[in-house]
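A.B. asks: Here's a structure for you.
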Amino acid sequence: MVTDNDPELAEQLADELAELCWDLRDEFQVREAVSVDDAVRMADAHPEGVVVLSDTGDTVFGGAAGDSNLILEAMLRLGIRGPALVPLISPVAARTLAAAGEGAEVTLPLGGDAATAFFAPLTVTGRVRKVGGGVVQLDYNHQSEVDLGVAVIFDVGPVTLMITEHRGVAGNLPSVYQAMGVDPRDYKMAVLKTASNFQFFAPITSRVIRADTSGPGQSDVFTLPWTRIPRPVYPLDPVPDWRAVSSHPGPRTGS
């Protein structure tokens, strides 16, 4: 809270906001995401594309590393018709595939580069379609360009992977794919590494499905591997009154 040199008013307003948040706490816990397998099946059965599959646990715009392979694994295991677009940030894989060259068939492990507590590498075989990357232009309101580092388009069955060395904006903007010679409109579904920023795909999107994926950005706070957190804390613990456990439960009475 910011006031014009009125700390008592700031404390009052902060207190009111805290009360509002506390009153709405149950609504904040409502989750709309579905299981990974169900999300993939729903997208594959949808009559129109492009269906956006939100990888909620690996939201790059929320700070995750973009190395989840959970939706990719489900797509391959369930034998989707596709075709599907999946972004993946993996410096090692990007450089390995680039070195193999366009047209090369390569078998290698993918995923779990950074968030090893959540993802294990998945071994796949595919063909290198294109090697590129570097600085590409974006149709984006925050920045006009981004450095992908080494970037590769890698086809694995019905899935087209864009594997990049740098995180950048992952595959959350169609213009990133276009810079690599891929038109997202040609695909039935596209995985976005974000839990909420679907607006860039909106002009070509027929449906948005939130996949309840695990990962650093997951919605399920109860199964996160907490190691440094004060207890008790809501919602991990039953807290009848936030003031009883707050380090700052109300307006200050002195300096």
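The values are calculated or read from the model by the stated rules, or taken from the named source; none is laboratory data. These numbers were taken from a predicted model, which means no experiment stands behind them. When we count neighbours, we look across all protein chains shown, and the Cβ atoms used for this are built from the backbone with ideal geometry, even at glycine.
A.B. asks: Of everything in segment 142-168, what is over 25 Å from A99 (Cβ atoms) and either touching a helix residue (DSSP H, G or I) at 6+ places or on another chain (Cβ under 8 Å) or polar (S, T, N, Q) (or both)? Give them in sequence order. Even if it seems obvious, please write down each step before you answer.
C.D. replies: Taking segment 142-168 and keeping what is over 25 Å from A99 (Cβ atoms), we get 142-145, 158.
Scanning segment 142-168 gives Q143, S144, P158.
A.B. asks: Still on this structure, please answer the following. Looking at the structure I just gave you, is V208 crowded, with 21+ Cβ neighbours inside 10 Å, assigned by TED's automatic domain parsing to the domain that holds D55 and either modelled with pLDDT of 95 or more or not polar (S, T, N, Q) (or both)?
C.D. replies: Working: crowded, with 21+ Cβ neighbours inside 10 Å: no; assigned by TED's automatic domain parsing to the domain that holds D55: yes; either modelled with pLDDT of 95 or more or not polar (S, T, N, Q) (or both): yes.
No: the conditions fail for V208.
A.B. asks: Being aliphatic (A, V, I, L, M), surrounded by 15 or more Cβ atoms within 10 Å (Cβ to Cβ) and touching a helix residue (DSSP H, G or I) at 6+ places or on another chain (Cβ under 8 Å) is the filter here; which residues of segment 1-51 pass it?
C.D. replies: A18, A33, V34, V36, A39, V40, V50, V51
A.B. asks: I need a count of the residues in segment 173-190 that are surrounded by fewer than 24 Cβ atoms within 10 Å (Cβ to Cβ) and within 15 Å of F201 (Cβ to Cβ).
C.D. replies: Residues of segment 173-190 surrounded by fewer than 24 Cβ atoms within 10 Å (Cβ to Cβ): 173-175, 177-188.
Subset that is within 15 Å of F201 (Cβ to Cβ): 173-175, 177-178, 182-188.
Counting residues in segment 173-190 that are surrounded by fewer than 24 Cβ atoms within 10 Å (Cβ to Cβ) and within 15 Å of F201 (Cβ to Cβ) gives 12.
A.B. asks: Of the conditions (1) over 15 Å from the mean Cα position of the chain (by Cα); (2) surrounded by 14 or more Cβ atoms within 10 Å (Cβ to Cβ), S54 clears all except one; give me its number.
C.D. replies: Against the list (1) over 15 Å from the mean Cα position of the chain (by Cα); (2) surrounded by 14 or more Cβ atoms within 10 Å (Cβ to Cβ), S54 comes up short only on (1).
A.B. asks: Yes or no: G134 under 19 Å from the mean Cα position of the chain (by Cα), on the phi > 0 side of the Ramachandran plot and not basic (K, R)?
C.D. replies: Values: under 19 Å from the mean Cα position of the chain (by Cα): no; on the phi > 0 side of the Ramachandran plot: yes; not basic (K, R): yes.
Here the answer is no, as G134 does not meet what is asked.
A.B. asks: Just to be sure before I move on: is A151 assigned by TED's automatic domain parsing to the domain that holds L97, over 15 Å from P87 (Cα atoms) and among the aliphatic types (A, V, I, L, M) in the structure I sent? Give the steps one after another, and end with the answer.
C.D. replies: Details: assigned by TED's automatic domain parsing to the domain that holds L97: yes; over 15 Å from P87 (Cα atoms): no; among the aliphatic types (A, V, I, L, M): yes.
Spelling it out, it is not the case that A151 is assigned by TED's automatic domain parsing to the domain that holds L97, over 15 Å from P87 (Cα atoms) and among the aliphatic types (A, V, I, L, M).
Here is a yes/no grid of residues against (1) surrounded by 11 or more Cβ atoms within 10 Å (Cβ to Cβ); (2) closer than 23 Å to M180 by Cα; (3) at pLDDT below 90:
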| site | (1), (2), (3) |
| --- | --- |
| A99 | yes, yes, no |
| E102 | yes, yes, no |
| V106 | yes, yes, no |
| G111 | yes, yes, no |
| P121 | yes, no, no |
| V124 | yes, yes, no |
| V128 | yes, yes, no |
| Q137 | yes, yes, yes |
| H142 | no, yes, yes |
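A.B. asks: Separate question: Report those strands (runs of 3 or more DSSP E) wholly inside segment 77-180 carrying at least 3 residues which are of a type in the set (K, R).
C.D. replies: 122-137
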